[in-house]
Amino acid sequence: DSVPAEALIHLLRSTDREQEGLDLLAAAEKNAPNWIDLKRLRAEQLYGMDLFAAALPVFQSALALAPRSPYLNWRVRSPLPMKFDDALAIKHAELASQLSGGEHPFYQEEYASRLIDVGRYADAQQVLEALRKADPTWGRIALRLGYALHKQGKTKEALPLFEEASKAKPRVRREQDDKALADFDIARAHAKLGNADAAFKQLGALEAAG
């Protein structure tokens, strides 16, 4: 049962005893080398400590035991941008999307984001449009879709999406910076469309907001 182990790791982390937690997990792994949850916990602990290079091989060893896990494919993808391996990041993000049935919004959004990272904007647009159809109030999707359209020269279509994203409330902590990105993209879109006054007004509001 991984629950007691997970509870212990969280307890050690909350008391600044993270290294002790890592040592315990590594010792337990030696006795149970095929226990996927132990590897997952150790890799997550390393990742949470910003030890991305150390986390990656542990995630990979867990993935070797469960190659059809959407979560592990996504997690293996997560440290890869730190190593600038776009091809592998795309591969695992796509696998996570496929293995989740192509319907899990989290893995789909992650896949679309990786497509944007490598300049595959039309492919990202396709994924994002399906997500937006299923959940039209998700601000992050409006932001990502707007960016994919803007990069394809469809800035007029992108602008209302950026404006919508600016007004949306973040659903999770990782979306907290999306409003600032959307506000900047609004200014950039206005500039691209030749609306200089609107662009400068938006930039002024951004500067005033700090």
To the nearest 10 square angstrom, how much accessible area does Trp35 have with a 1.4 angstrom probe? 90
Quick check: the angle from helix 196-209's long axis to the longest principal axis of the chain, C-alpha only, nearest 10 degrees? 40
What net charge is computed for the residues neighbouring Glu164, neighbours being all others with C-beta under 15 Å from the C-beta of Glu164, Lys and Arg scored +1, Asp and Glu -1? +1
Just check the range 24-78 against the gyration tensor rule for me: Cα atoms, a ≥ b ≥ c as the square roots of the eigenvalues, rounded for a/c under 1.5, and otherwise prolate or oblate depending on whether a/b exceeds b/c. oblate
The summed charge of the Gly194 Cβ neighbourhood (under 14 Å; Lys/Arg +1, Asp/Glu -1) stands at +2
Within the range 19-121, DSSP-loop GluC sites (Glu not before Pro) with at most 11 other C-beta atoms within 10 Å are Glu103
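Please compute the net charge surrounding His150, taking Lys and Arg as +1 and Asp and Glu as -1 over other residues with Cβ under 9 Å from its Cβ.
Here the charged neighbours net out to +2.
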Kirkwood Rh and Cα Rg combined as Rg/Rh, the range 162-205: 1.05
If the chain between Ala87 and Lys30 were fully extended at 0.36 nm per residue, the gain over the current Cα-Cα distance would be 17.3 nm
Over the chain, with neighbouring protein chains present, the accessible area per residue in Å² at probe 1.4 Å is 55
Among Lys133/Lys179; Lys154/Lys192; Lys30/Lys91; Lys179/Lys201, which pairs are too far apart, with a Cα-Cα distance over 19 Å? Lys133/Lys179; Lys30/Lys91
Where nothing but the Cβ of Lys and Arg (+1) and of Asp and Glu (-1) is charged, how large is the charge dipole of the range 61-210 around its Cα centre, in debye to the nearest 20? 180
Using only Cα atoms and rounding to the nearest 10 degrees, what angle (0 to 90) does helix 155-167 make with the longest principal axis of the chain? 60
When the convex hull of the C-alpha atoms of the chain is computed, what volume per residue in Å³ does it have? 138
So how tilted is helix 2-14 from the main axis of the chain? Cα-based, degrees 0 to 90, rounded to 10. 70
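For every helix of n ≥ 4 consecutive DSSP H residues, a contribution of -39,500 (n - 2.57) applies; sum these over the chain, divide by its total residues, and give [θ] at 222 nm rounded to the nearest 500 deg cm²/dmol.
So the calculated ellipticity at 222 nm is -24000 deg cm²/dmol.
The values are calculated or read from the model by the stated rules, or taken from the named source; none is laboratory data. All figures in this text were calculated on a predicted structure; none of them were measured in a lab. FYI the Cβ positions are ideal-geometry reconstructions off the backbone, even for glycines, and counts take in every protein chain you see. All accessible areas refer to the heavy atoms of the entire protein, side chains included, with ligands and DNA or RNA removed. Shrake-Rupley method; radii C 1.70, N 1.55, O 1.52, S 1.80 Å.
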